[in-house]
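The values are calculated or read from the model by the stated rules, or taken from the named source; none is laboratory data. Everything quoted here is computed from the prediction, not taken from an experiment. When we count neighbours, we look across all protein chains shown, and the Cβ atoms used for this are built from the backbone with ideal geometry, even at glycine.
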Amino acid sequence: MKQNEYKFSYEVYDAIDELNEDDRYLLNKAREATQNAWAPYSRFRVGAVARLKSGTLVMGANQENASYPAGICAERVLLSSAGASYPGDPIETMAVSYEGDGVVSDHPISPCGICRQTLQEFEQRTHHPVRLILAGKTGKVYIIPSAGMLLPLAFTGDELV
């Protein structure tokens, strides 16, 4: 038997003011994007903003539907918009933030499983890592060099060929 181990490193900042100017700007835009969420059922609003390699900014916010689970997460709204409107322009960095009624938004949260899969495939098709900035409205900030790191042993389109 052989045992393998999966590890990855990421940066942890105590607060947004420790980030460089570009990262602070993206995170603040992601925090603002939570206001564009349509979340009348969960009251959990997520915003995402990405800077493409060209410098273009793309925004996403979660969109719920009374016919659960027909909603779509902020990350996938953003990825769909970027892929459809700017094909071939990879994402350099994506910032994600959240807030919710009765929720303390003082720490980073990570994308859900389906968003991790979608992010990994976006990286694969654009041949470019998606750097993630994850944070709440206050508190610590995580920076992950590549979204694919969040999905070890990923199922990819290569398995379907």
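From the list Arg45, Arg24, which one is in contact with a helix residue (DSSP H, G or I) (Cβ under 7 Å, 6 or more places away or on another chain), under 21 Å from Val141 (Cβ atoms) and surrounded by fewer than 20 Cβ atoms within 10 Å (Cβ to Cβ)?
Numbers: Arg45 fails: surrounded by fewer than 20 Cβ atoms within 10 Å (Cβ to Cβ).
Among Arg45, Arg24, only Arg24 is in contact with a helix residue (DSSP H, G or I) (Cβ under 7 Å, 6 or more places away or on another chain), under 21 Å from Val141 (Cβ atoms) and surrounded by fewer than 20 Cβ atoms within 10 Å (Cβ to Cβ).
Can you pull out every residue in region 118-128 that is surrounded by fewer than 18 Cβ atoms within 10 Å (Cβ to Cβ) and either within 20 Å of Asp22 (Cβ to Cβ) or polar (S, T, N, Q) (or both)?
Gln124, His128
Run down Ala70, Ala82 and say which single residue is among the small types (Gly, Ala, Ser) and in contact (Cβ under 8 Å) with a residue 24 or more places away in the chain. Walk me through it before giving the result.
Values: Ala70 fails: in contact (Cβ under 8 Å) with a residue 24 or more places away in the chain.
Answer to the selection: Ala82.
Here is a yes/no grid of residues against (1) closer than 23 Å to Tyr41 by Cβ; (2) of a type in the set (Lys, Arg); (3) touching a strand residue (DSSP E or B) at 6+ places or on another chain (Cβ under 8 Å); (4) at pLDDT 95 or above:
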position	(1), (2), (3), (4)
Gly83	no, no, no, yes
Val96	yes, no, yes, yes
Val104	yes, no, no, yes
Gln120	no, no, no, yes
Leu134	no, no, yes, yes
Ile143	no, no, yes, yes
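With Ala30, Ala50, Ala39 as the choices, which residue is of a type in the set (A, V, I, L, M, F, W, C) and more than 15 Å from Ala95 (Cα to Cα)? Lay out the reasoning, then the answer.
Numbers: Ala30 fails: more than 15 Å from Ala95 (Cα to Cα); Ala50 fails: more than 15 Å from Ala95 (Cα to Cα).
Of Ala30, Ala50, Ala39, the one residue that is of a type in the set (A, V, I, L, M, F, W, C) and more than 15 Å from Ala95 (Cα to Cα) is Ala39.
Taking only region 68-86 into account, find how many residues are in a strand (DSSP E or B) and among the charged types (D, E, K, R).
The first filter runs over region 68-86 and keeps only residues in a strand (DSSP E or B), leaving 72.
Filter again for among the charged types (D, E, K, R), leaving none.
Of the residues in region 68-86, 0 are in a strand (DSSP E or B) and among the charged types (D, E, K, R).
Scan region 3-35 residue by residue and report those that are under 18 Å from Ile133 (Cβ atoms), part of a helix (DSSP H, G or I) and not acidic (Asp, Glu).
So the first thing to find is which residues in region 3-35 are under 18 Å from Ile133 (Cβ atoms), and the list is 8-34.
Adding the requirement that they be part of a helix (DSSP H, G or I) leaves 16-18, 21-34.
Correct list: Ile16, Arg24, Tyr25, Leu26, Leu27, Asn28, Lys29, Ala30, Arg31, Ala33, Thr34.
Would a scan of region 129-151 turn up a residue that is farther than 20 Å from Leu26 by Cβ and not hydrophobic (A, V, I, L, M, F, W, C)?
no
Just checking, does region 61-72 include any residue being crowded, with 20+ Cβ neighbours inside 10 Å and either within 18 Å of Asp23 (Cα to Cα) or under 9 Å from the mean Cα position of the chain (by Cα) (or both)?
no
Residues in region 53-67: is at least one assigned to a helix (DSSP H, G or I) and closer than 14 Å to Tyr98 by Cβ? It would help to see each step written out before you state the result.
Step one: filter region 53-67 for residues assigned to a helix (DSSP H, G or I), giving none.
There is no residue in region 53-67 that is assigned to a helix (DSSP H, G or I) and closer than 14 Å to Tyr98 by Cβ.
How about region 87-109: which of its residues are surrounded by fewer than 16 Cβ atoms within 10 Å (Cβ to Cβ) and part of a loop (DSSP other than H, G, I, E, B)?
Pro87, Gly88, Asp101, Gly102, Val104, Asp106, His107
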